[in-house]
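Read through the structure below, which is laid out as structure tokens, and then see the notes.
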């Protein structure tokens, strides 16, 4: 009675607005069990592991909660509409408490007396709150000056509708459907921007994306590890990650055509993130027998992640060209940088079969080395060519360098596999013929990089070829001289000399041609 009296006084005496704050705070603290009187105080956040309620129902608690909720909704929205045109800040205060108190009361009652896993008895009131808050927001907006401006009071009302909808989904559905439907719900406020230009609508869509991200961070399996099917691809991971990705993408597309602004950028980022997560989680699920939260990452799995990241970088560049966006621009470069980092750390060091002695497979060509080194080299090289005139020079140069290093690693490790077989660990020794083969191979790769660098006019590739040839020269003089004997030592020096002479002649022709072209143009 005292709380209702405080609201009534604040309603009819505008200068008594602090009283509604006092009433609202007191109600919230009571139903959170922080201050007495409340029968739910110690239990509001103490839910059993079997999702069963820990407190017995108290009819008085329900009746008081319903009454207070109705009082705050009615008074809050009526006052918000009354002051929407003349005192927007006062209207926002009333709308805020008209939303906060019912949501806190409903949540506290559900956590205390309801079934946390699924409870339609509480989902229905949450749905009603969603509709009431949305209708109330529209009612307030029509009283604004100018009408339908979507001011602070409207934002509080519609934001409350979004939170009530979030509660409704958690109350009515299990873990899997909650995640899927919550992601799909981001489409609703985005579509609403076709008819209303309220600024809060885009942020409600962003809130849905944040809620989905929080859910998958808490439970990456979507439905719990015990209930996740072991069937590859067609399991809860596909809709759990894929549906939000599609919904966020559609929301971003819709926002780009109506309100635009930061919510659109946030939804684009969320869509790209969940698209990558969809593929990555399905790959991990398939490669670990249906288990995604245990097991170490293998080189093959890491190679797939790297290819996904490189592919994502190319896709984001293509989308950015059709619909320019700073999120897509920087997101595409972030994907490339992450790929380069993964390659440098995982492919070359941590998971390198030369250091781990992991089996490279029994098939001569289509083996682990093909997947982990050659395919990423091709992908990185293709992406470097694709972004040459679309992204900063350093980015294309980085990708070209990574492609060259991967190709070098593939060729070198393939030679190692040719001599050692399936297992190519560094500690298994080095023969004379193998030693000579490396020298010849590195010189050939150096010449190939030089040719590609000249043809593509890539300074990075030319520098890489110079470094590789220099390494080969040092190897011949310091290592081959002591390790090789007889014919192999002679062939090593003869081959080195021939390559160096050929490179000199090649550059001489280039310089002569360049001088001739300059003379003709002048």
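Does residue 328 satisfy the criteria of being touching a helix residue (DSSP H, G or I) at 6+ places or on another chain (Cβ under 6 Å) and either surrounded by fewer than 19 Cβ atoms within 10 Å (Cβ to Cβ) or under 19 Å from residue 381 (Cβ atoms) (or both)? Against the criterion (touching a helix residue (DSSP H, G or I) at 6+ places or on another chain (Cβ under 6 Å) and either surrounded by fewer than 19 Cβ atoms within 10 Å (Cβ to Cβ) or under 19 Å from residue 381 (Cβ atoms) (or both)), residue 328 does not qualify.
As a summary of the residue check, residue 338 satisfies the conditions (1) in contact with a helix residue (DSSP H, G or I) (Cβ under 6 Å, 6 or more places away or on another chain); (2) over 15 Å from residue 421 (Cα atoms); (3) in contact (Cβ under 8 Å) with a residue 40 or more places away in the chain; (4) surrounded by fewer than 20 Cβ atoms within 10 Å (Cβ to Cβ) except for the one numbered (3).
If a residue has to be touching a residue at least 60 places away in the same chain (Cβ under 8 Å), touching a helix residue (DSSP H, G or I) at 6+ places or on another chain (Cβ under 6 Å) and assigned to a loop (DSSP other than H, G, I, E, B) to count, how many in segment 222-244 make the cut? I'd like the intermediate steps shown before the answer.
Keep residues of segment 222-244 that are touching a residue at least 60 places away in the same chain (Cβ under 8 Å), which gives 225, 228-230, 236, 239-240, 243-244.
The next check asks that each one be touching a helix residue (DSSP H, G or I) at 6+ places or on another chain (Cβ under 6 Å); those that pass are 236, 239-240, 243-244.
Next, from what is left, pick out any that are assigned to a loop (DSSP other than H, G, I, E, B): 236.
Going through segment 222-244 one residue at a time, the tally reaches 1.
A single entry from 321, 264 fulfils the requirement of being surrounded by fewer than 18 Cβ atoms within 10 Å (Cβ to Cβ) and touching a residue at least 40 places away in the same chain (Cβ under 8 Å): 321.
Of the residues in segment 278-298, not one is assigned to a helix (DSSP H, G or I) and more than 30 Å from residue 352 (Cα to Cα). Residues in segment 129-146 that are in contact with a helix residue (DSSP H, G or I) (Cβ under 7 Å, 6 or more places away or on another chain) and farther than 13 Å from residue 80 by Cα: 129, 130, 132, 134.
Could we say that residue 309 is within 20 Å of the chain's Cα centre (by Cα), part of a helix (DSSP H, G or I) and either surrounded by fewer than 19 Cβ atoms within 10 Å (Cβ to Cβ) or at pLDDT below 90 (or both) here? It is false that residue 309 is within 20 Å of the chain's Cα centre (by Cα), part of a helix (DSSP H, G or I) and either surrounded by fewer than 19 Cβ atoms within 10 Å (Cβ to Cβ) or at pLDDT below 90 (or both).
Here are 273, 228, 213, 299: which of them is over 30 Å from residue 360 (Cα atoms), over 14 Å from the mean Cα position of the chain (by Cα) and surrounded by 16 or more Cβ atoms within 10 Å (Cβ to Cβ)?
Working: 273 fails: over 14 Å from the mean Cα position of the chain (by Cα); 213 fails: over 14 Å from the mean Cα position of the chain (by Cα); 299 fails: over 30 Å from residue 360 (Cα atoms).
Just a single option satisfies the conditions, and that option is 228.
Being touching a helix residue (DSSP H, G or I) at 6+ places or on another chain (Cβ under 8 Å) and either more than 28 Å from residue 392 (Cα to Cα) or part of a helix (DSSP H, G or I) (or both): is that true of residue 269 here? Break it down stepwise before answering.
Numbers: touching a helix residue (DSSP H, G or I) at 6+ places or on another chain (Cβ under 8 Å): yes; either more than 28 Å from residue 392 (Cα to Cα) or part of a helix (DSSP H, G or I) (or both): yes.
Yes: the conditions hold for residue 269.
When segment 13-39 is limited to residues that are more than 15 Å from residue 93 (Cα to Cα) and exposed (fewer than 14 other Cβ atoms within 10 Å of the Cβ), the one that is modelled with the highest pLDDT turns out to be 34.
Out of segment 190-213, which residues are under 18 Å from residue 137 (Cβ atoms), in a helix (DSSP H, G or I) and free of Cβ contacts under 8 Å to residues at least 40 places away in the same chain?
Residues of segment 190-213 that are under 18 Å from residue 137 (Cβ atoms), as a first pass: 190-208.
Then drop every residue that is not in a helix (DSSP H, G or I), which leaves 190-192, 199-208.
Of everything in segment 190-213, just one residue is under 18 Å from residue 137 (Cβ atoms), in a helix (DSSP H, G or I) and free of Cβ contacts under 8 Å to residues at least 40 places away in the same chain, namely 192.
If you check 246, 255 for being closer than 18 Å to residue 185 by Cβ and more than 15 Å from the chain's Cα centre (by Cα), only one passes: 255.
The values are calculated or read from the model by the stated rules, or taken from the named source; none is laboratory data. Not measured: the values here are computed from a predicted model. When we count neighbours, we look across all protein chains shown, and the Cβ atoms used for this are built from the backbone with ideal geometry, even at glycine.
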